[in-house]
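**Q** Take this structure first; my questions come after.
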Amino acid sequence: MRISTAADLERLKQEGHKQLHPDTVRIMVGTATCCLARGAGKVIKAIEREAAAQKFACTIVPVGCIGLCHQEPTVEVIQPGKPRIAYGPVTVEDVPEFIKALAAGGVDKKRALFRSEQEYSLFAAEPYRYAQGAVADDLKEIPAYSDVPFYKKQVKICLRNAGTINPESIEEYIAMGGYAALAKAVTQMTPEQVIHEVTKSNLRGRGGGGFSTGKKWTECRKAPGGQRYVLCNVSEGDPGIGMHKSLLESDPHTVLEGLIIGGYAIGAAQGYIYISSGYPLGLKRLQKAIEQAAAYGLLGTNILGSGFNFTVTIKEGGGAYVCGESTALMAGLEGRIGEPRPKYIHTAVKGLWDSPSDLNNVETWANVPVIIGKGADWFSGIGTGSSKGTKVIGISGSVKTPCLVEVPMGTLFKEIFNEMGGGVPAKRKLKAFQTGGPSGGVLPARMLSLNLDYEEMGKAGTNLGSGGFIAIDDRACMVDIARFFTQFLLEESCGKCVPCREGVKRLLQLINNFTIGIGTEEHLTLIKELAFAMEKASLCDLGKTAPSVVQYAIKYFKDEFEAHMQGQCPAGVCKDLILYSIDAKLCTACGACIRACPVNAISGDPGSAPTLDMKKCIKCGACKEVCDVEAITT
Amino acid sequence: MPQLTIDGKQITAPVGATILQVARENGIDIPTFCHHEALEPWGACRLCIVEVDEGSRTRLVTSCNFPVKEGLAVTTKNKSIIAIRKMIIELLLTRCPNAQAVRQMADKLGVTGTRFPIENEFCILCGMCVRVCKEIVGAQAISFASRGGNKKVASPFFKRSGDCIGCGACVYVCPTQCITMNDVTEATDVYAEGTEQVGYARVMNNWRTRLPLKVCKSCGNPIAPEFQLQVLGKKAGLAPDALDLCQGCKE
Ligand SMILES: Cc1cc2nc3c(=O)[nH]c(=O)nc-3n(C[C@H](O)[C@H](O)[C@H](O)COP(=O)(O)O)c2cc1C
Ligand code: SF4
Ligand code: SF4
Ligand code: SF4
Ligand code: FES
């Protein structure tokens, strides 16, 4: 069936509603890559098996990620007339008991995380209520969604449907108000009006640069030339939690709808989605989304009777970090090596095949349907003075609960870290945090008072990057952190230009001097001098920002570099500098270290602290690992 | 035609020219290491960096590919530019301490040594060989391989190149003379059964490619690689036997 009018869309909406709220129990299993990594694939099979065995009639659907990485596999259940309840973790072993509880019409209280009385919806005039009337007494002990600290400060725009809809069902997306913004744009608005709305919303690029999306669209629309393109960047080659991939896997249609609207606004008949290789699930869901949209006539010719034609092609590219850079990405799309080229003429004017091309990040595109659907004023009501809307943040590293969240701009890092990430694990102390990936910075823990805002982060010397937040605790060595990111860049730079290719190599050698205890003041000065040339003269932003992490490490953690000059690694990470010793005051003489040491470097008599022979020690850390009272110090 | 200034000098430049072209035409020297007039700009060595003032802001750009514009004010030398060029050449001197072209450039820029532990490469990865082969020769026989610190110029998969015609353009254009080619009279090929003599051949050492040379029908002296004559003959639409004789025997 082809959707050619708004009325057709409305009919399909009813269809989707039936899928979303069936007469049977709907069991929704999170199946984004993160969930699958924790066994969700097996869980969904086990649920199917068990439901059949117990003759329990239910609808089992894969959904996206609800962000609670530490509770995965997560399962949400809608029993007709009851609140929707989230459970986690639900492992394969848990499934029989879990299904038994559901089949009996009850709730698996042991695994319940929270309940939702109504559907999270940005577009519904009246959000769908799962349960009518007051909350049943026996459910009151399960916390309400609105009371869960993890969700309290979140605002979901890009992830509005994640976990609720089946990402492979366009009907469910439409039921949640999907493609209505596209219909509005192409039937009620001129391209200029669409651009005006996006400009007014103050949406800024979520790929790291924070460039005004409206400005870029305007430049691209106005650029001379016939053929023009809209492009979507799904590279995400930086180490971290994979926010953008999760977004795409959870709700591919919002990205697609955004791209189609962008095509209309800019005057492009062709869109490309560049997705890094080795990422089959996102690719599959995206392909499916495109097929479904095309089947309904939301892609192709004369979309919704407007006369607007648009097609989308997916292109799988290399996985290197540099392939995400705009000109390298376009080179990749053209079938050339993914190397940046100088862009003294903006790619919005001269990009893919020398035609005007607008490239935006996945998350940027995902915002577009909401901006058009709800209006620029609604959108810019969220956030700070110059940073509007929300940002998806992946919280990882030394946190109690690694997770994926979407928060309004202006949210304090403190809130993100403590309330969503749960703070540092027991016995640890937060030392620093890293944002912006390899081109960002490391900031000391006290700077958690910063808020999520392009300008504020810029002032602090870092950037938002693609939204990764990595917590670093007292066990980490900042010299080693600088080494890690520099090593990453050495492997990921394209190697085209001298300051980056040769510079990163030397930078890494200089940092390594500190890790082995031969670093000097002169080396610090040389780092500074080298960094200056790299920042000013590299061809693309990879090289320009490559010295960033090490420079901020030196700026905020100079004492650690100084300690390394004295031959000490205070955190006991840099192997060459480690000298283990046993603190007799803490030692309980349990002998665990003696047994753990693979080279018999530790010896002693029962009842007194053992002694450690550094000549034999191979610095493997096994003793430190097993000591319950942390008596082995470095 | 855009009016601009370079180091304070008023200049009228042709439309579409780069800063480097205009500067050189006006006797202003800017060092370069990956630029060649006959090739498309590449922007990789970053030595040609200059500062441009477009009225609203100043920034550093590479002159070899920055198009001139009305009202542009270009500075080809200042403290930052000198410091950057010195660091770049120090980095190249670290990589290629024994390449003469690099040492000459270092001398010119007043860099006498390097503070980094040296390597012993000769190729500076300027990409001129790759570009000449693609843009001028049209063979696309070689390209860059690997990325980051391991980047190299190479024939496909580091094996014999099936597209190299042995023209030597890459040898000629390489600023550090690290591409070598030589003609041998007694080339051998190693087959499973043993070694076979194949006579005259041109060896492109870097590209692991050996091209048998065609010998003159009349005097028996080598003319040029057989494959090259085939390719060129086809391009020029010559009869198959048009290139059978060497220059001397033709006359
Ligand atoms: C080394 C490097 C890697 C990048 N990787 C990505 C990426 O993975 N995803 C992305 O959207 N942008 C990435 N960017 C930024 C893009 O060049 C570009 O600015 C962005 O896709 C534009 O979209 P936006 O305006 O919506 O942010 C990268 C930039 C550099 C220099
Ligand atoms: S800065 Fe690095 S990644 Fe960018 S073009 Fe130069 S070598 Fe390649
Ligand atoms: S000799 Fe071979 S590799 Fe060199 S330019 Fe000629 S065709 Fe290309
Ligand atoms: S071989 Fe010579 S021409 Fe080719 S990239 Fe290296 S230095 Fe340049
Ligand atoms: S000559 Fe301009 S970058 Fe090399």
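The values are calculated or read from the model by the stated rules, or taken from the named source; none is laboratory data. Source: prediction; values computed, not measured. Using ideal geometry, Cβ is built from the backbone for each residue, glycine included, and neighbour counts are taken over all protein chains shown.
**Q** Collect the residues in the range A:492-517 that are touching a residue at least 60 places away in the same chain (Cβ under 8 Å) and within 10 Å of chain B (Cβ to nearest Cβ), keeping them in residue-number order.
**A** A:E492, A:S493, A:C494, A:K496
**Q** Anything in the range B:73-116 that is away from ligand 4 (no atom under 16 Å from the Cβ), surrounded by fewer than 22 Cβ atoms within 10 Å (Cβ to Cβ), over 20 Å from A:M534 (Cα atoms) and of a type outside the set (D, E)? List them, or say none.
**A** Matches in the range B:73-116: B:A73, B:K108, B:T112.
**Q** In the range A:164-180, how many residues are polar (S, T, N, Q) and surrounded by 24 or more Cβ atoms within 10 Å (Cβ to Cβ)?
**A** 1
**Q** Given the structure, is B:P31 under 24 Å from A:C494 (Cα atoms), under 18 Å from the mean Cα position of the chain (by Cα), outside the structural domain of B:I179 (by TED's automatic domain parsing) and surrounded by fewer than 18 Cβ atoms within 10 Å (Cβ to Cβ)?
**A** Values: under 24 Å from A:C494 (Cα atoms): yes; under 18 Å from the mean Cα position of the chain (by Cα): yes; outside the structural domain of B:I179 (by TED's automatic domain parsing): yes; surrounded by fewer than 18 Cβ atoms within 10 Å (Cβ to Cβ): yes.
For B:P31, the condition - under 24 Å from A:C494 (Cα atoms), under 18 Å from the mean Cα position of the chain (by Cα), outside the structural domain of B:I179 (by TED's automatic domain parsing) and surrounded by fewer than 18 Cβ atoms within 10 Å (Cβ to Cβ) - is met.
Yes/no matrix, rows are residues, columns are (1) in a helix (DSSP H, G or I); (2) within 12 Å of chain A (Cβ to nearest Cβ); (3) in contact (Cβ under 8 Å) with a residue 40 or more places away in the chain; (4) in contact with a Pro (Cβ under 8 Å, 6 or more places away or on another chain):
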| site | (1), (2), (3), (4) |
| --- | --- |
| B:N98 | no, no, no, no |
| B:D107 | yes, no, no, no |
| B:V111 | no, no, no, no |
| B:F116 | no, yes, no, no |
| B:N120 | no, no, no, yes |
| B:I124 | no, yes, yes, yes |
| B:R131 | yes, no, yes, no |
| B:E135 | yes, no, yes, no |
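**Q** A:C569 passes all but one of (1) among the hydrophobic types (A, V, I, L, M, F, W, C); (2) assigned to a helix (DSSP H, G or I); (3) crowded, with 21+ Cβ neighbours inside 10 Å; which number fails?
**A** It is condition (2) that A:C569 fails.
**Q** Restricting attention to the range A:129-163, report how many residues are surrounded by 16 or more Cβ atoms within 10 Å (Cβ to Cβ) and more than 28 Å from A:L412 (Cβ to Cβ).
**A** Here the count works out to 4.
**Q** Are any residues in the range B:155-173 more than 13 Å from the chain's Cα centre (by Cα) and either buried (at least 19 other Cβ atoms within 10 Å of the Cβ) or within 14 Å of ligand 3 (Cβ to nearest atom) (or both), and if so, which ones? If you could, list the steps in order and put the result at the bottom.
**A** Residues of the range B:155-173 more than 13 Å from the chain's Cα centre (by Cα): B:155-167.
Once the filter is applied, which keeps residues that are more than 13 Å from the chain's Cα centre (by Cα) and either buried (at least 19 other Cβ atoms within 10 Å of the Cβ) or within 14 Å of ligand 3 (Cβ to nearest atom) (or both), the range B:155-173 yields B:S155, B:P156, B:F158, B:K159, B:R160, B:S161, B:G162, B:D163, B:C164, B:I165, B:G166, B:C167.
**Q** So in the range A:300-327, with the set limited to residues that are out of contact with any helix residue (DSSP H, G or I) (no Cβ under 7 Å at 6 or more places or on another chain) and on the phi > 0 side of the Ramachandran plot, which one is surrounded by the most Cβ atoms within 10 Å (Cβ to Cβ)?
**A** In this case the residue turns out to be A:G305.
**Q** So, in the range A:406-441, exactly how many residues are outside any helix (DSSP H, G or I), aliphatic (A, V, I, L, M) and under 18 Å from the mean Cα position of the chain (by Cα)? Full working, then the answer.
**A** Taking the range A:406-441 as the starting set, the residues that turn out to be outside any helix (DSSP H, G or I) are A:406-412, A:421-436, A:440-441.
Subset that is aliphatic (A, V, I, L, M): A:407, A:409, A:412, A:424, A:426, A:430, A:432.
Adding the requirement that they be under 18 Å from the mean Cα position of the chain (by Cα) leaves A:407, A:409, A:412.
Count: 3.
**Q** Here's a follow-up. All but one of (1) surrounded by fewer than 24 Cβ atoms within 10 Å (Cβ to Cβ); (2) more than 12 Å from ligand 1 (Cβ to nearest atom) hold for A:G208; state the number of the condition that does not hold.
**A** Only one criterion is unmet by A:G208, namely (2).
**Q** Give me the pairs, please: first residue somewhere in the range B:155-177 and touching a residue at least 40 places away in the same chain (Cβ under 8 Å), second residue anywhere and of a type in the set (K, R) and more than 16 Å from ligand 4 (Cβ to nearest atom), beta-carbon distance under 8 Å, and either six or more positions apart or on two chains.
**A** That search, which allows pairs on different chains as well, returns B:R160/B:R210; B:G166/B:R202.
**Q** Another question, if that's okay. For residues in the range A:333-365 being within 14 Å of chain B (Cβ to nearest Cβ) and among the hydrophobic types (A, V, I, L, M, F, W, C), which is nearest to A:R221 (Cα to Cα)?
**A** Of the range A:333-365, the ones within 14 Å of chain B (Cβ to nearest Cβ) are A:335-346, A:349-350, A:354.
Okay, now just the ones that are also among the hydrophobic types (A, V, I, L, M, F, W, C), so A:337, A:345, A:349.
Details: A:I337: 28, A:I345: 15, A:V349: 9 Å.
It comes out as A:V349.
**Q** Same structure again: Could you say whether any residue in the range A:366-380 is away from chain B (no Cβ under 14 Å), among the hydroxyl-bearing types (S, T, Y) and surrounded by fewer than 21 Cβ atoms within 10 Å (Cβ to Cβ)?
**A** The answer is yes; a qualifying residue exists.
**Q** Next question, about the same structure. Condition first: more than 14 Å from chain B (Cβ to nearest Cβ), in contact with a Cys (Cβ under 9 Å, 6 or more places away or on another chain) and among the polar types (S, T, N, Q). Can you find one or more residues in the range A:518-539 that meet it?
**A** no
**Q** Residue by residue through the range B:1-60, note down the ones that are more than 10 Å from chain A (Cβ to nearest Cβ), out of contact with any Lys or Arg (no Cβ under 8 Å at 6 or more places or on another chain), part of a loop (DSSP other than H, G, I, E, B) and among the charged types (D, E, K, R).
**A** Correct list: B:D29, B:E37, B:R57.
**Q** Taking the conditions exactly as written (more than 15 Å from ligand 5 (Cβ to nearest atom), over 14 Å from B:R46 (Cα atoms) and crowded, with 16+ Cβ neighbours inside 10 Å), does B:V137 satisfy them or not?
**A** When the stated conditions are applied, B:V137 passes them.
**Q** Something else now. From A:E117, A:E168, grab the single residue that is among the acidic types (D, E), modelled with pLDDT of 90 or more, in contact with a strand residue (DSSP E or B) (Cβ under 8 Å, 6 or more places away or on another chain) and under 29 Å from A:L281 (Cα atoms).
**A** Values: A:E117 fails: under 29 Å from A:L281 (Cα atoms).
Result of the check over A:E117, A:E168: A:E168.
**Q** On to the next question. Where in the range A:1-107 are the helices (runs of 4 or more DSSP H), entirely inside, with at least 1 residues that are over 25 Å from A:K245 (Cα atoms)?
**A** Numbers: elements: A:6-20, A:33-37, A:40-53, A:95-103.
Output list reads A:6-20, A:40-53, A:95-103.
Yes/no matrix, rows are residues, columns are (1) at pLDDT below 95; (2) within 16 Å of ligand 5 (Cβ to nearest atom); (3) closer than 19 Å to A:L539 by Cβ; (4) touching a Gly at 6+ places or on another chain (Cβ under 8 Å):
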residue: B:E54; (1), (2), (3), (4): yes, no, no, yes
residue: B:K69; (1), (2), (3), (4): yes, no, no, no
residue: B:I88; (1), (2), (3), (4): no, yes, yes, no
residue: B:A101; (1), (2), (3), (4): no, yes, no, no
residue: B:G110; (1), (2), (3), (4): no, no, no, no
residue: B:F116; (1), (2), (3), (4): no, no, no, no
residue: B:V132; (1), (2), (3), (4): no, yes, no, no
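**Q** Okay, next question. Here is a check on your reading of the model: is B:R160 farther than 20 Å from B:P31 by Cα and not polar (S, T, N, Q)? Explain how you work it out, then say what you get.
**A** On the way: farther than 20 Å from B:P31 by Cα: yes; not polar (S, T, N, Q): yes.
Criteria met by B:R160.
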